[in-house]
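The values are calculated or read from the model by the stated rules, or taken from the named source; none is laboratory data. What you are looking at is a predicted structure, and each value in this text was computed from that prediction instead of being measured. So basically every Cβ, Gly included, is an ideal-geometry build from the backbone, and we count neighbours across all protein chains shown.
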Amino acid sequence: MLTIDIHTHILPEHIPDWKKRFGYGGFIALDHHKPCCARMLLDTGKFFREIQDNCWSPERRVEECDHHKVHVQVLSTVPVMFSYWAKPADCLELSKFLNDHIAGIVNKYPKRFIGLGTVPMQSPDLAVKELERCKKIGLVGIQIGSNINQLNLNDPSFSSVFAACEELGLAVFIHPWEMMGEQEMQKYWLPWLVGMPAETSRAICSMIFGGVFTRYPKLRVAFAHGGGSFPATLGRIEHGFNCRPDLVAVDNSLNPRTYTDKFWIDSLVHDPHMLDFVVNMFGPERVALGTDYPFPLGELEPGSLIHSMPYTDAKKELLLSGAALNWLALDKHAFQ
């Protein structure tokens, strides 16, 4: 079966000294301290993450994909690179650098990789211009954060970005970042274990209750990490909508449960019971394989959870590639 992984992250092997170029800090740098390995550092020298060459080498990725029988990866930047806090023009320059890198890999390996761009969401006007350029250089969508400098995604300032994505036919992948409460729960890796699922639900609820999906019915949006905590708490969310419409339904009067066929989620839930739960809730045509490759919190054997399930081949095919192709508006024959 054709297998497409919609949730993978990549970086250029060498990153400019943004602090030197822009005159202020907070950006990520790479320290190649030994072969095939690098430290991601804030330019202050603070350690962020250790990565291996599969985080920048398309050739290494192809080798590992062949081993795991993954035919196509959708590439997006590492969320720490969003840099929404930076000056808009500087974030635009950084975004162009990252987008050109991904576009170059897609151009070199068109049957193995699909590209998503990043845009300076803190300046919607610049973001729309970069969206247009993303399409011209062969990217099929963008990845954005679950909030933009703590503004929810239904904020009116982002309407032009979503409208442009709909008009250009670009897919949107929403990944949690700048997690709420992050500074108050550093111990035990809680920002990643608790904050990220909550952030994804925050993004979904904001877009539902803020009417984003209603205003842009052709917008194709996918959310990372199995929709975060949204699926498991939809009953509570729906009950809140019903019992306190004066607080919840102020901008959109449609029941949140009616939106489960209006967007996609990835399959990264790490548990067979949860996978079955979200597949039943959203339908297999709305759940696409996603692994968070190449990071350890992802699915270490891509597709293994889906293959382990007692599903029909037709259902597995939807999960492994059909849902992804529908979200991306692509034809499977392009990868054969």
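The condition of being under 15 Å from residue 175 (Cβ atoms) and surrounded by fewer than 19 Cβ atoms within 10 Å (Cβ to Cβ) does not hold for residue 268. Determine whether segment 314-321 contains at least one residue that is outside any loop (DSSP other than H, G, I, E, B), touching a residue at least 40 places away in the same chain (Cβ under 8 Å), in contact with a strand residue (DSSP E or B) (Cβ under 8 Å, 6 or more places away or on another chain) and over 18 Å from residue 71 (Cβ atoms). The answer is no; no qualifying residue exists. So residue 73 passes all but one of these: (1) within 20 Å of residue 322 (Cβ to Cβ); (2) part of a helix (DSSP H, G or I). Which condition number does it fail? Looking at each condition in turn, residue 73 falls short on (2).
The residue that is modelled with the highest pLDDT, among those in segment 49-70 that are surrounded by 14 or more Cβ atoms within 10 Å (Cβ to Cβ) and part of a strand (DSSP E or B), is 51. When every residue of segment 4-27 is checked against the conditions, at least one turns out to be part of a strand (DSSP E or B), among the acidic types (Asp, Glu) and touching a helix residue (DSSP H, G or I) at 6+ places or on another chain (Cβ under 9 Å).
Within segment 3-20, the set of residues being touching a residue at least 24 places away in the same chain (Cβ under 8 Å) and either over 23 Å from residue 142 (Cα atoms) or of a type in the set (S, T, N, Q) (or both) comprises 3, 8, 17, 19. Selection of segment 15-47 for residues being closer than 16 Å to residue 86 by Cβ and surrounded by 14 or more Cβ atoms within 10 Å (Cβ to Cβ) yields 15, 16, 18, 19, 22, 27, 28, 29, 42, 43. I'd like to know if segment 73-91 contains one or more residues that are surrounded by fewer than 17 Cβ atoms within 10 Å (Cβ to Cβ), of a type in the set (Phe, Trp, Tyr) and within 23 Å of residue 224 (Cα to Cα). Among the residues of segment 73-91, at least one is surrounded by fewer than 17 Cβ atoms within 10 Å (Cβ to Cβ), of a type in the set (Phe, Trp, Tyr) and within 23 Å of residue 224 (Cα to Cα), which makes the answer yes. Set side by side, the residues 251, 246 differ, and just one is on the phi < 0 side of the Ramachandran plot and in contact with a Gly (Cβ under 6 Å, 6 or more places away or on another chain), which is 251. Quick one: in segment 273-303, which of the residues that are out of contact with any His (no Cβ under 8 Å at 6 or more places or on another chain) and acidic (Asp, Glu) is surrounded by the fewest Cβ atoms within 10 Å (Cβ to Cβ)? Looking at the filtered set, the residue picked out is 276.
Considering the conditions (1) closer than 24 Å to residue 199 by Cβ; (2) touching a residue at least 60 places away in the same chain (Cβ under 8 Å); (3) not in a helix (DSSP H, G or I), residue 324 is excluded by exactly one of them, (3).
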